[in-house]
Amino acid sequence: MGWMGRGGRANENPLLIRKLVSNSSGRNQYLLLEGTEAAVIDLDDDIEEVQNLMKAHNAKLHYILATHGHLFCVRAANEIRARLGGQFMIHEYDEDLLKRTAPGVTPDGFLKDNMRLPLGRTQIRVLHTPGHTKGSVSYWIRESGALFTGNTLLKGQQGRIWGPKSMSLMLFSLKRLGYTVSAGNRVYPGRGEETTIGQEGWIQCLRSA
């Protein structure tokens, strides 16, 4: 599959987005490139392909980002760091979950709501979107119209919830995405096909929930 996204302002390096589907879990993994700076989101079992793509672009890995602390999003973090470098980051509320799912993996830093991570000339904004887990996050790159939602927002549906409290958090997170992110922004979910905020009109109906 070729590069999916080429967002960016005029006279700047465009953001390139590469989606890779995990052979073991069927989940989506993403490589982001802007110029010679790179980040990965939920990378699991396509490390070698990512390494080859980065080499072709003479890129350096800055961030190993997880949308949440479930196994397929975090288990490869140590191998990625050893082979490619980069800082492994996860939301602080999923630290306990990380210790249970991947006890040998230690973050280099913790994410907080509205934190901004520089990648080239763009900013990756962290949106805390709990529901699937307490520390689930979405990554929003406003300049490029790209939103990476993990298991919070999927095409035509929400991610899995774990009970009434989880449902209330999920509703809050979906409503927040509907209010915060413009309709034209493309959604890159943790599994399944891409969509846009505008195509997910049911989120707007949640405003009165």
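Can you find a residue that is modelled with pLDDT under 95, surrounded by 22 or more Cβ atoms within 10 Å (Cβ to Cβ) and assigned to a strand (DSSP E or B) anywhere in segment 143-155? No.
Does Arg116 satisfy the condition of being of a type in the set (Lys, Arg), touching a helix residue (DSSP H, G or I) at 6+ places or on another chain (Cβ under 9 Å) and under 27 Å from Trp3 (Cα atoms)? Give the derivation first.
Numbers: of a type in the set (Lys, Arg): yes; touching a helix residue (DSSP H, G or I) at 6+ places or on another chain (Cβ under 9 Å): no; under 27 Å from Trp3 (Cα atoms): yes.
No.
Across segment 156-209, the qualifying residues are those that are outside any helix (DSSP H, G or I) and of a type in the set (Ser, Thr, Tyr), and the one among them that is farthest from the chain's Cα centre (by Cα) is Ser182. For segment 100-141, the candidate set comprises residues that are part of a loop (DSSP other than H, G, I, E, B) and hydroxyl-bearing (Ser, Thr, Tyr); within that set, the residue that is farthest from Pro189 (Cα to Cα) is Thr106. Within segment 161-209, the set of residues being more than 23 Å from Arg18 (Cβ to Cβ), among the polar types (S, T, N, Q) and without any contact (Cβ under 8 Å) to a residue 40 or more places away in the chain comprises Ser166, Ser168, Ser182, Gln204, Ser208. If we keep just the residues of segment 79-104 that are basic (Lys, Arg) and either loosely packed, with under 14 Cβ neighbours inside 10 Å or in contact (Cβ under 8 Å) with a residue 40 or more places away in the chain (or both), which is farthest from Asn58 (Cα to Cα)? The qualifying residue farthest from Asn58 (Cα to Cα) is Arg100.
Of the residues in segment 44-63, none is in contact with a His (Cβ under 9 Å, 6 or more places away or on another chain), within 21 Å of Leu117 (Cβ to Cβ) and not hydrophobic (A, V, I, L, M, F, W, C).
Among residues of segment 48-59 that are assigned to a helix (DSSP H, G or I), those with a beta-carbon under 7 Å from a residue that is exposed (fewer than 15 other Cβ atoms within 10 Å of the Cβ) at least six positions away or on a different chain give the pairs Gln51/Arg83.
The values are calculated or read from the model by the stated rules, or taken from the named source; none is laboratory data. Not measured: the values here are computed from a predicted model. As a convention, Cβ positions derive from the backbone with ideal geometry for all residues, glycine included, and neighbour counts pool all protein chains shown.
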